[in-house]
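Undergrad: Before I ask anything, here is the structure I am working with.
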Amino acid sequence: MTKGQVAIGYDKGPYPSFARHVSEAQKSGLPGKTTALKRLKAGQSSAKNRSKACPSRLKRPSGLSCDEYPFASTQQGAYYGGGAGRTFSKCNIADKSYPVGAKGAKGYG
């Protein structure tokens, strides 16, 4: 880590699906494990990242919310970071525009 960077970890106990989602996203090549995520700059909107990653048309399994990664509060988020959406095997998202198993540093899941 360089000066000014902070590392955060997630306890798999209380939030196992969230921790699994972040882990799967990073294993797919999305930033955050070896390259730091950067907070949005002044004037950038987390709502733009969130609405692109979690559009209202996207059907979610009952009782689950959308855990977008990279986070909506980051420059690498769906709107500002670019790339295509992806999903992971245990997310249960059945939308062909979000392929399972996609790889690469650009995109969101």
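Undergrad: Any idea what the dipole of the stretch 14-88 comes to, in debye rounded to 20, about its Cα centre with Lys/Arg Cβ at +1 and Asp/Glu Cβ at -1?
TA: Dipole of the stretch 14-88, to the nearest 20 debye: 160 debye.
Undergrad: Taking 0.36 nm per residue of sequence separation and subtracting the Cα-Cα distance, how much length would be gained by fully extending the chain between residue 6 and residue 58, in nm to one decimal? Provide the component values of the computation, followed by the final result.
TA: Values: separation 52, 0.36 × 52 = 18.72 nm, distance 3.24 nm.
My answer for the length gained is 15.5 nm.
Undergrad: Another question about this same structure. Need one number: nm distance between label points at residue 48 and residue 106, each 7 Å from Cα along Cα→Cβ, rounded to one decimal.
TA: Output for this residue pair reads 1.7 nm.
Undergrad: When only Cα pairs under 8 Å and 6 or more residues apart are kept, what is the percent relative contact order across the chain?
TA: Result for the chain is 29 percent.
Undergrad: Going through the stretch 17-62, which trypsin sites (Lys or Arg not before Pro) have at most 11 other Cβ atoms within 10 Å and a DSSP loop state?
TA: 41, 57, 59
Undergrad: Could you give the accessible area per residue of the stretch 5-109, probe 1.4 Å, as a whole number in Å²?
TA: Heavy-atom SASA per residue in the stretch 5-109 reads 62 Å².
Undergrad: Then there's this: Normalising by the residue count of the stretch 10-73, find the relative contact order in percent from Cα pairs under 8 Å and 6+ residues apart.
TA: Relative contact order, the stretch 10-73: 37 percent.
Undergrad: What value in Å³ per residue do you get for the convex hull of the alpha-carbon atoms in the stretch 35-109?
TA: Enclosed volume per residue, from the Cα hull, is 90 Å³.
Undergrad: Based only on Cα atoms, what mean projected area does the convex hull of the stretch 1-83 have, in nm²? Intermediate values should be presented prior to the final figure.
TA: Working: hull surface 26.2 nm².
Over all viewing directions, the stretch 1-83 projects a mean Cα-hull area of 6.5 nm².
Undergrad: OK, next. How large a share of the accessible area of the chain, in percent, is made up of carbon and sulfur atoms when the probe is 1.4 Å and the other protein chains stay in place?
TA: Of all accessible area on the chain, carbon and sulfur atoms account for 54 percent.
The values are calculated or read from the model by the stated rules, or taken from the named source; none is laboratory data. Not measured: the values here are computed from a predicted model. Methodologically, a virtual Cβ is constructed for each residue, glycine included, from the backbone with ideal geometry; neighbour enumeration extends over all protein chains shown. When the accessible area is computed, the model is the full protein with side chains, heavy atoms only, and any ligands, DNA or RNA have been set aside. Shrake-Rupley method; radii C 1.70, N 1.55, O 1.52, S 1.80 Å.
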